[in-house]
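Down below is the structure, laid out as structure tokens.
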Amino acid sequence: MLKFTAIMLDGMNYAAWLFLVAVGLTLIYGVMRILNIAHGAFYAIGAYVCASALGVFYAAGLPDALAFAVMGIVALVAGVIVGLAVERGVLRFLYGRDEVLMVLVTYALFLILEDAVKLIWGVESYFVYQPYAYFGFIEINGLPYQVYDLLIVALAIVLGIALWFWLERSRMGRMTTAVVADREISAAMGINVTRIFATTFAIGTVFAVIGGVVTAPKISVTPGIGAEVIILAFAVVVIGGLGSIPGAAIGALFAGYARAISVHLAPAYELFAIYAVMAVVLAIRPHGLFARASGRKI
């Protein structure tokens, strides 16, 4: 029973983390048709900026409870600045080009941003464990579990609902849905497609940065963390279907519980588990579980 509880909690926590780092990727692809490999670099920037900000925060002797407000502000500000800088500075000149070219451009951006991170923060590791330890443990079915990890689950749920509400209930979200359906007709109807693209890319970047920010207190922030994340994020969105927000959530659950089961029952297959799930799903549904049907223009 203890092992079952551990699998359920770890799977839920890992799925929540995967959703945070993958949903921005699938949002950007769904609206802009850009397979954004630079997404992993945005995650790394979030982790480094959070580590630096919290380092200054704790050095100043400020109350620990305010650290979470700092993390939220850092995620929002860094995500918007980086997202708009990349979209306005590079990607807007390439809209309408072949998707393969966009992959190459975002891969180049990933490499550039990875080197920029090393130039700014160096190659040493950063540790900011205080927020992770602040809430302590809670006992669930006889198993001690970090409250911080449960808060990540709650955050993923809240942000997922907020994203759904924005897409389905807000005026900007409905215009975004129209742009997804037909970019040219939307522009002809007076929708500012340029603003939709900039907003979408900024929101997707904020999600990647949030993933890095909430992870920074749990890990050693070192160069290269973005490369691993982008591979996992691609696996999640491929399982769920590129461009599908519900698909990202379901894909994260599949991948999260596949990893948790492997870790607790067959540790030797941990690295293989997520990709095995992806292979099985693609064998049954080659475009993912929730891939949208798309019309062919003639």
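Can you pull out the trypsin sites (Lys or Arg not before Pro) in the stretch 64-173 that DSSP calls coil and that have at most 13 other Cβ atoms within 10 Å? Kindly include the intermediate steps, with their values, before the conclusion.
On the way: sites: R88, R92, R97, K118, R169, R171; in loops: R97.
Qualifying residues, ordered by number: R97.
Structure remark: mean-square fluctuation, Gaussian network model of the chain, C-alpha springs under 10 Å; the largest value among V82, V281, V70 belongs to V70.
On a 0 to 90° scale, report how tilted helix 147-169 is relative to the longest principal axis of the chain, with both axes built from alpha carbons and the result rounded to the nearest 10. Helix 147-169 sits at roughly 20 degrees to that axis.
Estimated from helices alone, the mean residue ellipticity of the chain at 222 nm is -25000 deg cm²/dmol (sum of -39500 (n - 2.57) over DSSP H runs with n ≥ 4, per residue). What is the percent carbon and sulfur in the accessible area of the stretch 34-115, measuring with a 1.4 Å probe over the protein chains and ignoring ligands? Of all accessible area on the stretch 34-115, carbon and sulfur atoms account for 75 percent. Across the stretch 100-115, computed HN-Hα scalar couplings (Karplus, 6.51 cos²θ - 1.76 cosθ + 1.60, θ = phi - 60°) run 5, 4, 5, 4, 5, 5, 5, 5, 4, 4, 4, 5, 5, 5, 4, 5 Hz from first to last residue, x flagging Gly and Pro. On C-alpha positions alone, give me the angle between the axis of helix 245-265 and the longest principal axis of the chain, in degrees, nearest 10. Helix 245-265 and the main axis of the chain meet at about 30 degrees.
Mind running the shape call on the stretch 7-58? Use the C-alpha gyration tensor, a ≥ b ≥ c as the square roots of the eigenvalues: rounded below 1.5 for a/c, prolate if a/b tops b/c, oblate otherwise. Verdict is oblate for the stretch 7-58. Taking Cα extents along the principal axes in Å as the quantity of interest, determine which of (1) 72, 46, 39; (2) 60, 47, 36; (3) 56, 46, 34 was computed from the displayed structure. Correct label, based on the coordinates given: (2). Relative to the longest principal axis of the Cα atoms of the chain, helix 225-240 runs at roughly 60 degrees.
The mean sequence separation of alpha-carbon pairs under 8 Å and at least six residues apart, normalised by the residue count of the stretch 193-298, gives a relative contact order of 26 percent.
Using the beta-carbon distance between I112 and F135 and R0 = 35 Å, what value does 1/(1 + (r/R0)^6) give for FRET efficiency, to the nearest 0.05? Could you put the intermediate results ahead of the total?
Details: r = 37 Å, r/R0 = 1.06.
Approximately 0.40, to the nearest 0.05.
The values are calculated or read from the model by the stated rules, or taken from the named source; none is laboratory data. Keep in mind it's a predicted model, so treat the numbers as computed, not measured. With ideal geometry, Cβ positions are generated from the backbone for all residues, glycine too; neighbour counts draw on all protein chains shown. SASA here: full protein model, heavy atoms, side chains in, ligands and nucleic acids out. Shrake-Rupley method; radii C 1.70, N 1.55, O 1.52, S 1.80 Å.
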